[in-house]
Structures are given as C-alpha cells and as structure tokens.
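Peer 1: Below you will find the structure I want to go over with you.
The values are calculated or read from the model by the stated rules, or taken from the named source; none is laboratory data. Computed from a predicted structure; not experimentally measured. Virtual Cβ from ideal backbone geometry, glycine too; neighbours counted across all protein chains shown. These area figures cover heavy atoms from the full protein model, side chains too; ligands, DNA and RNA do not enter into them. Shrake-Rupley method; radii C 1.70, N 1.55, O 1.52, S 1.80 Å.
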Amino acid sequence: MTMEEFQVAIHQGKLSDAISIVQAKPLQFFTDVPLSVAVVGEPGSGKSSFVNSMLGKRSGEPGAAETGIQMTTTKAKDYPHPTLPQVTLWDLPGREDSFVSHTDWVDLNRFDFFIIVGYQRFRTVHAELVHEIQTMGKRFYFVWAKTDLDVEASQRRQPSGYDEEKVLQRIRENCMTSLQDERVIGPQVFLVSNWDSQRFDFPLLWEKLKSDLLWLKRQAFISRLPSLCEPVLERKKAMMKEKIWLKVLYSGLLGFLPVPGFSFVTAMFFFVRFRSHCYRVFGLDDLSLTVLARDVGKLVATLQEVMTSRKLVPVLLWRLPDLFGAILMIVEYFWWNRFPFAGSLLSGGCSFFTTHYMLRRCLTAVSNDTKNVLARALESKERTSI
Ligand SMILES: Nc1nc2c(ncn2[C@@H]2O[C@H](COP(=O)(O)OP(=O)(O)OP(=O)(O)O)[C@@H](O)[C@H]2O)c(=O)[nH]1
Ligand SMILES: [Mg+2]
C-alpha cells in the first residue's frame with residue numbers, strides 16, 4: 001500500500017494534513033495491512049492450544065503449535081492465519097510475574113494486537129500485560145481458557161444446584177472487574193475451551209475479531225506511521241544540513257570580536273533562529289502545533305511534552321567555553337592591560353566547533369521530535385480494551 005500523499009504532507013511540514021489524510025481513508029483501504037497478533041499469558045494457560053483452535057488445527061497435526069503440560073513454548077513462533085488475510089498469530093513463551101522472572105521475554109512493541117490467555121484466576125502477570133499493552137496504546141482481548149474445567153469442577157461441587165450460565169457469568173464478571181480495576185474501559189472478555197471452538201464464547205470471539213479486523217489493521221497502520229516518515233525526514237535533514245555551514249561561519253567570525261560574552265550571545269541567537277526555522281520546516285512551530293492539537297483533540301502542551309529539542313539546558317552547557325573566553329578577555333583587558341588576543345581566539349575558535357555541533361544536534365532532535373509528536377498526536381486518549 002502506498003501512502004505518497006501522507007509522505008508529501010510530512011515533506012511539506014503539514015503534520016495535521018498528514019493525519020487527516022490517513023483518518024479520511026475508508027476502512028477498506030487497510031485490507032492489505034499485515035496484522036501481528038501476539039498470544040500472551042502465563043505458562044501453561046493454553047496459549048498454544050488457543051493458537052491451534054484459531055488455526056483450525058489439532059495439537060500434533062503438521063503446522064500446529066506444540067502443546068503440553070511442561071513449559072512447552074520457549075521461543076516466539078509465527079502462524080499465518082489460513083483464512084484471515086494478512087493476519088499472523090504469534091505463539092509466545094509463557095510469562096511469569098515480574099517478581100519471579102523477566103528473562104528471555106519477547107519485546108511486545110513489535111506486535112499490533114494482543115490476546116491475553118489466562119485460566120483459573122486473574123493474576124499479577126495479566127495486570128502487568130494489560131498495563132504494558134495500554135502504555136503502548138495498543139489493544140487486546142482477554143481470553144479465559146479451559147472454561148470446560150471450571151464448568152466441570154463446578155458441576156462436581158454441586159451436582160444438584162448446578163447452573164452453567166451462572167458459573168460462566170461469575171467468571172466473566174470476575175474478569176471484567178479485575179480488568180476494570182486496571183483502568184481498562186470496556187474490557188473484551190471471552191470464555192473459551194480450546195477443545196471445542198463451538199462452545200462457550202468461541203463463536204462470539206470469532207465474530208468480534210472478524211468485525212474488528214479492519215479497524216485493528218487501521219490502528220496497526222497508524223502506529224507504523226512515524227516510522228513511515230523516516231525516509232522523508234532524512235531527506236529534509238540532509239537538505240538542511242547544507243545550510244548549517246554558513247551560520248557556523250558567521251557565528252565563529254562574530255565570536256572573534258573582543259567583547260566578553262559576545263560569542264555566547266551570537267551563538268545563542270543563531271541557535272534559536274535556526275531552531276525556529278527547523279520547527280517551521282518540519283511543522284512543529286507554534287501555529288502548526290496549535291492546529292494539530294485542535295485536530296486531534298489534545299493540548300499543545302501534551303504534544304510539546306515529547307519534544308526534546310525544546311530543552312535549553314544541554315545547549316547552555318555546550319556554551320561553557322564562551323565563559324572561559326569571556327573571563328580570559330576580561331583578565332587581558334583589566335589586569336594585563338592589553339588587547340584580548342587569547343580570549344578572542346578561544347571564543348571564536350570554540351564558537352566554530354560548538355555552534356556546528358549544536359546546530360546539527362538541533363536538526364536531529366527536531367527531526368526525531370516530528371516522529372514523536374506524530375506518535376503522540378495519534379495516540380489513543382482512552383485506555384480501552386479495543
Ligand atoms: N481442559 C482444557 N485443557 C486445556 C485447554 N487449553 C489447553 N489445555 C491443556 O493445558 C496444557 C497447556 O496447554 P498449552 O497450550 O501447551 O499451554 P501454553 O500456554 O502454550 O503453555 P507454555 O507454552 O508452556 O507456556 C496442555 O496440557 C493442554 O492440553 C482447554 O481449553 N481446556
Ligand atoms: Mg505454548
């Protein structure tokens with residue numbers, strides 16, 4: 001799928017237009033977007049069995065995920081879905097609570113959507129997973145596996161007064177409450193048995209997944225947008241780098257003037273002007289941010305929070321040589337009674353190098369900020385399950 005219009009808008013520094021272009025696309029536009037679905041949960045919760053049920057395979061069949069009582073899955077493995085286009089299910093190794101172990105855990109950032117598989121009870125690891133997924137601004141379903149065992153156990157406990165619907169309702173409510181306690185809005189909970197894809201909520205889960213699919217692909221596409229900008233931003237950076245030299249030359253020459261502190265003032269002047277110019281070129285100036293913030297329903301300050309180029313302290317630290325130059329000039333003027341050659345040389349010489357470094361750093365920071373602001377603008381405001 002090409003997104004030339006989007007890249008053109010980024011190239012023109014029109015972030016707001018770039019976002020509108022994507023948001024205006026009909027859901028069908030995202031049909032071919034690949035979707036990576038990670039199946040996660042504690043060890044032995046039934047993740048691999050769930051993947052097999054989703055693929056329509058039985059454990060042990062060729063192409064099916066390996067299942068077993070012991071820690072079975074040790075590496076993340078992908079299973080392209082046979083009927084859902086461009087959907088890949090990822091069977092992940094079981095994850096313990098963070099206080100037990102965190103080693104060998106897979107980076108969840110690379111997945112677009114999550115299915116948390118739990119059983120028996122809602123555990124700390126589920127809460128941790130929910131938290132991580134929400135922090136990434138991604139969505140999930142919560143699947144309660146082995147419901148057949150819960151139902152059987154309940155039946156054994158009270159054979160006479162047994163009511164399956166009540167048992168299911170109790171489990172469902174328990175999951176919902178636990179998820180809501182983690183501040184999830186509208187949790188999507190499905191009770192399943194991996195042995196029977198017609199029983200309990202499995203058919204419902206299928207229907208829901210099919211109806212959410214294009215929306216999820218759209219979300220996946222949107223979350224990849226900042227990296228889609230990369231080549232455009234690199235080109236812009238290269239263009240702007242060429243213009244840095246002239247500014248460095250002016251700043252360096254002015255730094256030679258025998259006025260204490262003048263090199264600092266000129267360098268800061270060039271820096272601030274260059275940064276404003278970069279903001280305009282990349283679409284991060286105040287006006288553009290105001291329009292973007294209004295369009296995505298966020299505060300300008302929320303977008304600015306992720307802009308590292310706004311921090312002035314590191315820049316001031318880089319201007320420390322100016323202080324030494326200024327002190328040397330003052331000493332030369334007042335104590336040695338002579339023209340401040342050494343101070344001017346120190347100030348001017350340092351000004352060349354430090355200004356060059358500062359402007360290049362500023363350019364890189366603004367370019368990265370463009371991606372960060374875009375990602376922040378696209379972040380969902382609500383901690384919804386789907
Ligand atoms: N009764 C019942 N047993 C299940 C169900 N799902 C899985 N099991 C059993 O639970 C055990 C673990 O299943 P797996 O699918 O291997 O679980 P896993 O989460 O992939 O385990 P690891 O890869 O070790 O983390 C196996 O013995 C399965 O047969 C289910 O829905 N009902
Ligand atoms: Mg497994």
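Peer 1: Taking the Cα centroid of segment 265-293 and of segment 181-221, what is the distance between the two, rounded to the nearest whole Å?
Peer 2: Here the two parts' Cα centres lie 45 Å apart.
Peer 1: Could you work out which residue, out of LYS311, LYS57, LYS247, moves most in a Gaussian network model of the chain, that is, has the largest mean-square fluctuation with Cα springs under 10 Å?
Peer 2: LYS311
Peer 1: So, with a 1.4 angstrom probe, what is the percent of accessible area on segment 123-181 that is carbon and sulfur? Intermediate values should be presented prior to the final figure.
Peer 2: Details: 1420 of 3010 Å².
That share works out to 47 percent.
Peer 1: What is the local net charge at PRO34, summed over the other residues whose Cβ is closer than 13 Å to its Cβ (Lys, Arg +1; Asp, Glu -1)?
Peer 2: Surrounding charge for PRO34 is +1.
Peer 1: Give me the 1.4 Å probe accessible area per residue for the chain, excluding ligands and nucleic acids, in Å².
Peer 2: Heavy-atom accessible area per residue stands at 51 Å².
Peer 1: Now a separate question. When DSSP beta bridges are limited to those with both residues in the chain, what percentage is antiparallel, rounded to the nearest 5? Write down the numbers at each step before the final one.
Peer 2: Working: 5 of 25 bridges.
Taking every DSSP beta bridge with both residues in the chain, the antiparallel ones total about 20 percent.
Peer 1: By accessible area of protein heavy atoms, probe 1.4 Å, what ranking do TRP215, TRP90, TRP195 get, highest first?
Peer 2: TRP195, TRP215, TRP90
Peer 1: I want to verify a result. In a Gaussian network model of the chain, Cα cutoff 10 Å, which of these has the top mean-square fluctuation: LYS243, LYS47, LYS138?
Peer 2: Of LYS243, LYS47, LYS138, the Gaussian network model singles out LYS243 as fluctuating most.
Peer 1: Mind giving me the FRET efficiency for GLU66 and THR135? R0 is 35 Å, r the Cβ-Cβ distance, nearest 0.05 is fine.
Peer 2: Given R0 = 35 Å and the Cβ-Cβ separation, E is 0.70.
Peer 1: What is the chain's relative contact order, in percent, from Cα pairs under 8 angstrom and six or more apart in sequence?
Peer 2: For the chain, the relative contact order is 19 percent.
Peer 1: Another question, if that's okay. If you place +1 on the Cβ of every Lys and Arg and -1 on the Cβ of every Asp and Glu, how big does the dipole about the Cα centre of the chain come out, in debye to the nearest 20?
Peer 2: 1280 debye
Peer 1: When the accessible area of segment 1-78 is split by element with a 1.4 Å probe, what percent falls to carbon and sulfur?
Peer 2: About 49 percent, which is the carbon plus sulfur part of the accessible surface.
Peer 1: Whose amide H sits under 5 Å from the amide H of PHE122, counting only residues 5 or more places off or on another chain, with H placed in the peptide plane?
Peer 2: Amide H neighbours of PHE122, under 5 Å, 5+ apart: none.
Peer 1: Could you look at segment 219-260 and say what percent of its accessible area is carbon and sulfur, using a 1.4 Å probe and all protein chains? Could you put the intermediate results ahead of the total?
Peer 2: On the way: 1590 of 2270 Å².
Result for segment 219-260: 70 percent of the exposed heavy-atom area is carbon or sulfur.
Peer 1: While we're on this one: Taking square-rooted eigenvalues a ≥ b ≥ c of the alpha carbon gyration tensor, is segment 171-210 rounded, prolate or oblate, where a/c under 1.5 means rounded and, failing that, a/b exceeding b/c means prolate?
Peer 2: Because a/c hits 1.5 or more and a/b fails to exceed b/c, segment 171-210 counts as oblate.
Peer 1: At R0 = 41 Å, how high is the FRET efficiency between ARG360 and LYS208 if r is their beta carbon distance? Nearest 0.05 is fine.
Peer 2: 0.25
Peer 1: How far is it, in nm, from the label point at LEU249 to the one at ASP32 when both lie 7 Å from their Cα along the line to the Cβ?
Peer 2: It is 4.8 nm.
Peer 1: Among GLN23, GLN158, GLN169, which one shows the highest mean-square fluctuation when the chain is modelled as a Gaussian network with alpha-carbon springs under 10 Å?
Peer 2: In this elastic network of the chain, the residue with the biggest mean-square fluctuation among GLN23, GLN158, GLN169 is GLN158.
Peer 1: Okay, moving on. Suppose each label sits 7 Å from its Cα in the direction of the beta carbon; what would the ARG199-GLU379 distance come out to in nanometres?
Peer 2: Rounded to a tenth, the inter-label distance reads 4.3 nm.
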